[in-house]
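Okay, so here's the structure we're looking at.
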Amino acid sequence: METDHQKFIDKVSGVLVVDKPVGMTSHDVVQFVRKGTRINRAGHTGTLDPRASGVLVVLIGPAVRLSEFVSASDKRYQAVIKFGVTTSTYDSEGEITSRRPVDISYEELEEALNKFIGEVEQTPPAFSALKIKGKRAYDLARQGKEVDLEPRMITVHSLELLDWDPPEAVIDIQCSSGTYIRSLASDLGEMLGSGATLAGLRRTKNGQFGLREAVSLRRLEEAFDNGDWYKYLIPAAEALSDWYTLTLEVEAINDVIHGHRIAGEVGLEQGLMARAVSEDGELVALMEYDSETSEWKPRKVFGN
């Protein structure tokens, strides 16, 4: 016989925004959430290195099916970059590979930062979780093997110099998903001739969620103990709050959850994605617009 708790678990779908502390892996946080909620279906939407802190979005229940879309969202960071030193990992975890004098003015640093804004080519660090022929790059790098990662295009929306106290700079970074801040630090150091490494990193925003929505593990643990952790749960639809939104009446909801198309406005862009929600804001489906028929077709259905 199905228990009340099991019935509750089956219905839970949403987002927990966690303020990840330094020292934990992103997987550790997901395991913590699974244990505390007693819901195994959970996953994060973008790895934060153990030495980094800040916003980690954890999707719970059917909301995990939003992962590919939330993972692709833009990110925002506050980075501490130390000039005059380079390391094997591009951060303070690695072995020091060089030391150079630092003679950089505030104006020179700002000028260099401006050159990284826009679409730029970036090579991921050798010590990364990317796979090469089925093996993690960092495993190959630790074995002393040559790691050859292809450069890729990223987008840096803005770089703001918040503080310059040589040899360290504090920089606010808004960028596309897939950007390696460690590589950005290393490339910046090489451009300025001093070398640089990432000394600290805090993610302040992931897609629609920032530190304002984030809850510390201490508070979350207290909520798990008290049985009221769901007060921190954000509706799944909010993860895509910047998307085009369709509010469906009962009849349309029934059509969509059975895989049927529904009529749309004329003249929208082909392939436009939308979140379809019920009148009380519950996520029903992700829809794609077909301009040839002026209809919305279900891509992923959540209602039942």
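The values are calculated or read from the model by the stated rules, or taken from the named source; none is laboratory data. Please read all numbers here as calculations on a predicted model, not as lab measurements. All Cβ positions, even for glycine, are placed from backbone atoms using ideal geometry, and neighbour counts span all protein chains on display. To get the accessible areas, we keep the full protein, side chains included, count just its heavy atoms, and leave off ligands, DNA and RNA. Shrake-Rupley method; radii C 1.70, N 1.55, O 1.52, S 1.80 Å.
Listed conditions (1) farther than 18 Å from G46 by Cβ; (2) surrounded by fewer than 18 Cβ atoms within 10 Å (Cβ to Cβ); (3) aliphatic (A, V, I, L, M) are all met by L211, apart from (1).
For the range 218-252, residues that are more than 18 Å from the chain's Cα centre (by Cα), of a type outside the set (F, W, Y) and part of a helix (DSSP H, G or I) total 12.
Evaluated against (1) assigned to a strand (DSSP E or B); (2) at pLDDT below 95, E150 falls short on exactly one condition, (1). In the range 12-33, the residue that is most open to solvent (accessible area, probe 1.4 Å) out of those that are in contact with a strand residue (DSSP E or B) (Cβ under 7 Å, 6 or more places away or on another chain) and of a type in the set (G, A, S) is S13.
Is it the case that G193 is part of a loop (DSSP other than H, G, I, E, B), under 30 Å from T97 (Cβ atoms), open to solvent by 20 Å² or more (accessible area, probe 1.4 Å) and modelled with pLDDT of 95 or more? Here the answer is yes, as G193 does meet what is asked. Pick out the one residue from V12, V18, V29 that is β-branched (V, I, T) and either touching a Ser or Thr at 6+ places or on another chain (Cβ under 6 Å) or modelled with pLDDT under 95 (or both). So the residue among V12, V18, V29 that is β-branched (V, I, T) and either touching a Ser or Thr at 6+ places or on another chain (Cβ under 6 Å) or modelled with pLDDT under 95 (or both) is V12.
Pairs are defined by a Cβ separation below 9 Å, a sequence spacing of at least 6 or placement on different chains, a first member in the range 45-63 that is without any contact (Cβ under 8 Å) to a residue 40 or more places away in the chain and over 30 Å from L286 (Cα atoms), and a second member that is open to solvent by 10 Å² or more (accessible area, probe 1.4 Å) and among the small types (G, A, S); the pairs so defined are P50/G23. Applying the criterion of at least 3 residues that are closer than 20 Å to F209 by Cα to the strands (runs of 3 or more DSSP E) found wholly in the range 1-106 leaves 14-20, 42-44, 53-60, 75-83.
Each row is one residue, and each column tells you yes or no for (1) in contact with a Phe, Trp or Tyr (Cβ under 7 Å, 6 or more places away or on another chain); (2) closer than 29 Å to E150 by Cβ; (3) surrounded by fewer than 15 Cβ atoms within 10 Å (Cβ to Cβ).
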| site | (1), (2), (3) |
| --- | --- |
| K35 | no, no, yes |
| D49 | no, yes, no |
| S53 | no, no, no |
| S71 | no, yes, no |
| E110 | no, no, yes |
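Residues of the range 259-279 that are surrounded by 10 or more Cβ atoms within 10 Å (Cβ to Cβ) and not small (G, A, S): H260, R261, I262, L268, L272, M273, R275, V277, E279. Among the residues of the range 160-183 satisfying the criterion of being in a strand (DSSP E or B) and charged (D, E, K, R), which is surrounded by the most Cβ atoms within 10 Å (Cβ to Cβ)? This residue is E168.
Once the range 112-126 is narrowed to residues that are in a loop (DSSP other than H, G, I, E, B) and open to solvent by less than 50 Å² (accessible area, probe 1.4 Å), the residue that is modelled with the lowest pLDDT is A126.
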